[in-house]
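Single-structure report; data block below.
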């Protein structure tokens, strides 16, 4: 069946940059400050005569992002005044970038990037006082990176929402890996805005609606899907004229968007170059070649390396991508083990058993690479059972000790000696006559109950394969 409507999505993502001071003044950039209006000065409060000074570290951070996504770093760039009046903008304009962004182009997570530019954040409105609002200016002037994607057309609401969410997640990872932003969405350090339209023709864009300030990946997906479905219903019912260019918000409690205001165009902001800030020649001010060489291993490069070098599951890889500290520990373990099969076993124990222990108790820590590798070698070489390996892991996440030392001290090393196992097996047979009768009557699976009893008798140290073979021989 031919698709009737084509949703188009374009993203605008803001991320507060991790710098010591604000974008144009020496005030502390501290997102965790709880007292209002502490980190402020005449510059970020727009007192008459106060002049801004550029934060070089913030510009460097945006260049790093541009290099990481394969964008073109501008030679010439400048800052502009974006004029509009809101109570949270003390100057009556925001210092941003218009015609000459720091980064043009680039690509990430199946989406093309239009530009990445730098601006200052606004103050924080507090609406929790009942019939009036207050403003906290601690955030005013914090360096804010804005990334804008090209519009991308998809075939349905669900695909559109998932692609947008995937892009935002990948950008957050890159910001973490580069160390330029905490990008904590719950704190508002990364905010996603989605420009959404639908059309009956893939080559023609419909009327654009912008959904603002989505502060979780779940909200990104749900808001986009809701908005595409809303527009589709209007077109289906002949009310397409009700789709207007506007800004909408997302109501998390009601799981729906709502109209906020008519969307402004760029002409409404009356952009012009800021006369108080210098023009910049970035190719002279920064060693771009060195900066590119100094970039860390980025998520997509790491994924490719993990697949090639270790052959582990994609789900495991994503665990290490999202938790670089754990990924570094896994790499150190893999370097010791060298054997690919043992490396896969180690990955399974990390991503299932260790993470399970960490969820139950956040105080646990991944054991040293040496001790974790020793544990995997003991299991892979048949010296301890899987059950014992899990038990020892639960011990060494609390106290980073030698697994071999624990296994020896607690008599947990796997018993494979037939002379030792045979008397134990006989004892189990003598005390489980009903299971013996069931087995001889043709219920072959009942042998597993007998193996389990031997394992219990030996506190998990009996070799299960050898035990099963001994029991089968004795029951013939």
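At-a-glance table
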quantity	calculated
Theoretical ellipticity at 222 nm over the chain - DSSP helices of four or more residues, -39500 (n - 2.57) apiece, nearest 500	-12000 deg cm²/dmol
5 Å binning of all Cα-Cα separations within segment 140-222, expressed as whole percents from 0 upward	3, 13, 23, 25, 16, 11, 6, 3, 0
Estimated D of segment 205-245 in µm² per second, where Rh is the Kirkwood radius over Cα pairs and Stokes-Einstein applies at 10 °C, 1.306 mPa s	144 µm²/s
Within the chain, percent of DSSP bridges classed antiparallel, to nearest 5	95 percent
Cα convex hull of segment 255-298, projected area averaged across orientations, nm²	7.9 nm²
The chain: angle of helix 56-68 to the longest principal axis, Cα-based, in degrees nearest 10	60 degrees
Enclosed volume per residue, in Å³, of the convex hull spanned by Cα atoms of segment 179-300	212 Å³
Relative contact order of segment 79-161, pairs being alpha-carbon contacts under 8 Å that are 6 or more residues apart, as %	24 percent
Cα long-axis angle, helix 418-430 against the chain (0 to 90 degrees, to the nearest 10)	80 degrees
Cβ crowding within 10 Å averaged over residues, with 319-325, 224-230, 214-220 ranked highest first	224-230, 214-220, 319-325
Normalised per residue, the volume of the convex hull around the Cα set of segment 295-348 (Å³)	73 Å³
Most to least packed among 123-133, 296-306 [average Cβ atoms within 10 Å]	296-306, 123-133
Alpha-carbon radius of gyration plus Dmax, which is the widest Cα pair, for segment 299-409 in Å	13.3, 44
Length-normalised contact order for the chain - Cα pairs under 8 Å, 6+ apart - percent	13 percent
Alpha carbon centroid spacing (whole Å) that separates segment 188-223 from segment 230-278	10 Å
Relative contact order computed over segment 299-409 (Cα-Cα under 8 Å; 6+ residues apart), in percent	22 percent
Projected-area mean, segment 418-474, by convex hull of Cα positions, square nanometres	3.3 nm²
Highest average packing first - 361-372, 272-283, 343-354, Cβ atoms within 10 Å	343-354, 361-372, 272-283
Dmax and Rg, reported as Rg then Dmax, of segment 1-159 (C-alpha, Å)	18.3, 65
Separation of alpha-carbon centers, segment 111-144 and segment 316-387, rounded to whole Å	42 Å
Cα-Cα pairs of the chain separated by more than 35 Å (percent)	51 percent
In degrees, nearest ten, helix 447-457 long axis to first principal axis of the chain (Cα)	90 degrees
Segment 325-476: radius of gyration over Cα atoms, expressed as a fraction of 2.2 N^0.38 Å	1.21
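Computed from the coordinates by the stated procedures, all read-outs in this text should not be read as laboratory data. Note that the coordinates shown come from a computational prediction; the quantities given were computed from them, not determined experimentally. When we count neighbours, we look across all protein chains shown, and the Cβ atoms used for this are built from the backbone with ideal geometry, even at glycine.
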